[in-house]
Amino acid sequence: MNDQEGYGELRVVPAADGRGLADWRAVHNTVVPTAVLSEDEVRERAGRNRLDVAYLDGEAVGCSTVRPPDGGTPAATVIARILPEYRGRGFGTALYERGLAHAGTLGGQGVETVVLASNEEGLRFALARGFTEVERYVLPGDTIPYVTLRLT
């Protein structure tokens, strides 16, 4: 897979530099307001996960994370996030498919995703693609649960 792929008007690139990481962070923090990440936290995640940013006419509209399997989670984790005003246009599907293709190169036992329970559109997106809920959990200090789903 190329480092950069176009999906119609959408351009998806690795979040590999200052602007890419900042754009990834801005989208993440908008879609997941209960887990706002600092610049240092994003840089740390970029060192262990694949982070991509989706651009429409030069503006960041989405981001994704692909986490490799590890001791705690034997499955690869694919998370696609699209800003609310850009949903329903196929951009989430483009990010998800790119992430799923990368996850397939990582080995592991299946694919999971994680969605904030208040993100009803994100939950519908995952369920429509064959994911089923396996767990809900609340992080310390939070009140809104996260939903872990597994591709079946």
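What residue, among those in the stretch 71-88 that are among the hydrophobic types (A, V, I, L, M, F, W, C) and within 14 Å of the chain's Cα centre (by Cα), is farthest from residue 151 (Cα to Cα)? Break it down into steps so the answer makes sense when it comes.
So the first thing to find is which residues in the stretch 71-88 are among the hydrophobic types (A, V, I, L, M, F, W, C), and the list is 75-76, 78-80, 82-83.
In the following step, the residues that additionally are within 14 Å of the chain's Cα centre (by Cα) were identified as 76, 78-80, 82-83.
Values: 76: 10, 78: 10, 79: 12, 80: 14, 82: 20, 83: 23 Å.
If we take residues in the stretch 71-88 being among the hydrophobic types (A, V, I, L, M, F, W, C) and within 14 Å of the chain's Cα centre (by Cα), then 83 is farthest from residue 151 (Cα to Cα).
Would you tally the residues in the stretch 1-13 being at pLDDT 60 or above and either of a type in the set (S, T, N, Q) or in contact with a Lys or Arg (Cβ under 7 Å, 6 or more places away or on another chain) (or both)?
2
Can you name the number of the only condition in (1) open to solvent by less than 30 Å² (accessible area, probe 1.4 Å); (2) more than 22 Å from residue 146 (Cα to Cα); (3) in a strand (DSSP E or B); (4) among the charged types (D, E, K, R) that residue 11 fails?
(1)
Among the residues of the stretch 35-49, is there at least one that is more than 27 Å from residue 107 (Cα to Cα), surrounded by 13 or more Cβ atoms within 10 Å (Cβ to Cβ) and in contact (Cβ under 8 Å) with a residue 40 or more places away in the chain?
Yes; the residues of the stretch 35-49 include at least one that is more than 27 Å from residue 107 (Cα to Cα), surrounded by 13 or more Cβ atoms within 10 Å (Cβ to Cβ) and in contact (Cβ under 8 Å) with a residue 40 or more places away in the chain.
Could you tell me whether residue 62 is open to solvent by less than 70 Å² (accessible area, probe 1.4 Å), under 24 Å from residue 10 (Cβ atoms) and either in a helix (DSSP H, G or I) or of a type in the set (Lys, Arg) (or both)? Quick ask: steps written out before the conclusion?
Values: open to solvent by less than 70 Å² (accessible area, probe 1.4 Å): yes; under 24 Å from residue 10 (Cβ atoms): yes; either in a helix (DSSP H, G or I) or of a type in the set (Lys, Arg) (or both): no.
It is false that residue 62 is open to solvent by less than 70 Å² (accessible area, probe 1.4 Å), under 24 Å from residue 10 (Cβ atoms) and either in a helix (DSSP H, G or I) or of a type in the set (Lys, Arg) (or both).
Anything in the stretch 65-103 that is in a loop (DSSP other than H, G, I, E, B), under 22 Å from residue 25 (Cβ atoms) and at pLDDT 95 or above? List them, or say none.
Within the stretch 65-103, the first condition is being in a loop (DSSP other than H, G, I, E, B), and the residues that meet it are 68-75, 83, 87-90.
Add one more test, that the residue is under 22 Å from residue 25 (Cβ atoms), and what stays is 68, 83, 87.
The answer is 68, 83.
With respect to the numbered conditions (1) touching a residue at least 40 places away in the same chain (Cβ under 8 Å); (2) surrounded by 15 or more Cβ atoms within 10 Å (Cβ to Cβ); (3) under 25 Å from residue 144 (Cβ atoms), which one is the sole condition not fulfilled by residue 68?
Tallying (1) touching a residue at least 40 places away in the same chain (Cβ under 8 Å); (2) surrounded by 15 or more Cβ atoms within 10 Å (Cβ to Cβ); (3) under 25 Å from residue 144 (Cβ atoms), residue 68 fails exactly one: (3).
Show the residue pairs that are 6+ apart or on different chains and have beta-carbon atoms under 7 Å apart, the first residue being within the stretch 124-144 and touching a residue at least 24 places away in the same chain (Cβ under 8 Å) and within 15 Å of residue 34 (Cα to Cα), the second being surrounded by 12 or more Cβ atoms within 10 Å (Cβ to Cβ) and of a type in the set (A, V, I, L, M, F, W, C).
Sorted first by the residue in the stretch 124-144, then by its partner, the pairs are 144/116; 144/117.
Which condition number in (1) under 22 Å from residue 148 (Cβ atoms); (2) touching a Cys at 6+ places or on another chain (Cβ under 9 Å); (3) surrounded by fewer than 22 Cβ atoms within 10 Å (Cβ to Cβ) is the one that residue 26 fails?
That leaves (1) as the condition not met.
Output the number of residues of the stretch 124-139 satisfying the condition of being open to solvent by 70 Å² or more (accessible area, probe 1.4 Å), assigned to a loop (DSSP other than H, G, I, E, B) and within 15 Å of residue 150 (Cα to Cα).
Total satisfying the criteria: 1.
Just to be sure I understand the filter: pairs with C-beta atoms under 9 Å, separated by 6 or more residues or on different chains, first member in the stretch 104-123 and surrounded by fewer than 17 Cβ atoms within 10 Å (Cβ to Cβ), second member part of a loop (DSSP other than H, G, I, E, B) and of a type in the set (S, T, N, Q). Which pairs pass?
Matching pairs, first to second residue: 110/152.
The values are calculated or read from the model by the stated rules, or taken from the named source; none is laboratory data. For clarity, every value in this text was computed on a predicted model and none was experimentally measured. Positions of Cβ are backbone-derived with ideal geometry, glycine not excepted, and every protein chain shown enters the neighbour counts. Remember, those area values only see protein heavy atoms, side chains included, never the ligands or the DNA or RNA. Shrake-Rupley method; radii C 1.70, N 1.55, O 1.52, S 1.80 Å.
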